[in-house]
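Worksheet for the structure shown next.
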Amino acid sequence: MNLITDPIPHLLKKIAVPASVGMFFSTMYYIVDNFYAGMLSSTALAGISLAAPIYFMGIAVSIGVGQGTNALVGNAIGQGRQDLAEKIAGKAISFAWLSAVLIGLAVLFFAADLFSLMGAEGDYTQDSIKYLSIILPTLAFSAHSMTANGILNSLGDTTSFRNSLIVAFFANIALDPLLMFTFGWGVYGLAAATALTQLGSGIYLTIKVRQSRLGNSLTLTNLLPGWSQYKALFNQSLPASTNMFFIALGSIIITSAVAHFGENAVAGLGIALRIEQLVLLPTVGINIAVLSLISVNFGAKQFERMDKIARDSIRIGTIFMILGGVLIFTFARPLISIFTDNNRIIDIGVGYLRVEALILPAYVLSFVSGAVLQGMKRAAIPMYFNLIRQLLLPSIFILISLVVFETSIFGIWWSIAIASWLTVSLQFVHMRRLIKQKIS
């Protein structure tokens, strides 16, 4: 693929489809975890649902480094600087390991305090701690995979990551029951299976990087720490990681509010979120494709092409999300019922999905606008919008709905909807204005 000259719809399809398929299996991976946790007990299911936003705080740095690597390596490729692209890619691998180890241990240390702040208490918090005690110290495995994938994405290769996620999914189906029930490790086994599959994915993706045109990035010279490249990676990755961190904190705020409605409410939210992630897969794939395309074309100063990339991706993504919204609104109850027969859990999940059906097109604007700005090396701008969308507005609106108006749990769902549409509309307008400035 030539990311500068090939037709944009063709490139979006070639990059986004494998990415979406890969993320489908990634989401199914955690749905399998939910399924086996439910077999263990409803307490274990609530426990890993509670752990999810805490784990995401840890993995946020890995996602940010992966996105930062994609942007910086893509810019260097667009400028025709092969040596710089290789150097950045190599430094990114070692940078990912160092940052993931530090962040993983720090998040684990404060996990119990975070649960207290969330108002979560009971046996299910112990299962959360068990899960996190394995998954967070091994966070570097995931960070390595994300960074190697960022290198491959800069070349337009999303197929390799897709393949690794497919294999990891099937391996997880076998490892979860083996470690949880046969070995008797319970929740520890659930986390150990995840760590092992992430290690395998990292090894496979390293081989694919070695075989790519950026294979020299894995030489010892390129892998050793370097201040100049680390600084560039930090500046580009920190806002992206902070974006993910805000998402995690936003999840904690929402989970904290939901926890006041009981353990079943937390479990219902956890199941609904997994289903929502499946529906969002086309948008996630488009987001990855847009970041890869914008990064290279920005380096090549193809500004009018960048404008077309943004418009085409939003149009395609919105169509998918409208269809997805109709799907989950109509079939919310049978979808939730796949995972549990507890009517309280089902009702909570159904309510969440039916409100979220109205928000799905907003996520298209958010993901595409954020990817465009990251590719233009304006990663701090999406960070500020995410601060407003994930933390400030939801906190204010949830507080007003629950404390002032004393609403039911639906007050939380509608708070998310209003905050999302207000913020992403402004972000989209800002993104379009910056592209027009570049064109002019």
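The values are calculated or read from the model by the stated rules, or taken from the named source; none is laboratory data. Quick caveat: nothing in here was measured; it's all calculated off a predicted structure. Virtual Cβ from ideal backbone geometry, glycine too; neighbours counted across all protein chains shown.
Here's the yes/no breakdown for (1) crowded, with 21+ Cβ neighbours inside 10 Å; (2) in contact with an Asp or Glu (Cβ under 8 Å, 6 or more places away or on another chain); (3) modelled with pLDDT of 90 or more:
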| site | (1), (2), (3) |
| --- | --- |
| 3 | yes, no, no |
| 13 | no, no, yes |
| 19 | yes, no, no |
| 42 | no, yes, no |
| 48 | yes, yes, no |
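Just one of 387, 373, 391 is in contact with a helix residue (DSSP H, G or I) (Cβ under 9 Å, 6 or more places away or on another chain), of a type in the set (A, V, I, L, M), in contact (Cβ under 8 Å) with a residue 24 or more places away in the chain and farther than 26 Å from residue 261 by Cα; which is it? After applying the criteria, what remains is 373.
Close Cβ contacts (under 6 Å, 6 or more residues apart or on different chains) running from residues in the stretch 298-309 that are more than 15 Å from residue 365 (Cα to Cα) and in contact (Cβ under 8 Å) with a residue 40 or more places away in the chain to residues that are of a type in the set (D, E, K, R) and in a helix (DSSP H, G or I) comprise 303/438. For the stretch 98-107, the condition of being part of a loop (DSSP other than H, G, I, E, B) and crowded, with 19+ Cβ neighbours inside 10 Å holds for none of the residues. Going residue by residue through the stretch 217-227, is there one that turns out to be touching a Ser or Thr at 6+ places or on another chain (Cβ under 9 Å) and under 18 Å from residue 59 (Cα atoms)? Taking every residue of the stretch 217-227 in turn, none turns out to be touching a Ser or Thr at 6+ places or on another chain (Cβ under 9 Å) and under 18 Å from residue 59 (Cα atoms). Checked across the stretch 358-374, the condition of being in a helix (DSSP H, G or I) and modelled with pLDDT under 90 holds for at least one residue. Considering the stretch 221-252, the residues that are modelled with pLDDT of 85 or more, among the aliphatic types (A, V, I, L, M) and assigned to a helix (DSSP H, G or I) include one that is nearest to residue 395 (Cα to Cα), namely 233. Can you tell me which residue in the stretch 199-213 is nearest to residue 164 (Cα to Cα), limited to those that are among the small types (Gly, Ala, Ser) and in contact with a helix residue (DSSP H, G or I) (Cβ under 6 Å, 6 or more places away or on another chain)? Step by step, filter the stretch 199-213, then rank; the result is 201. When restricted to residues that are farther than 23 Å from residue 360 by Cα and not in a helix (DSSP H, G or I), the stretch 397-420 contains 3.
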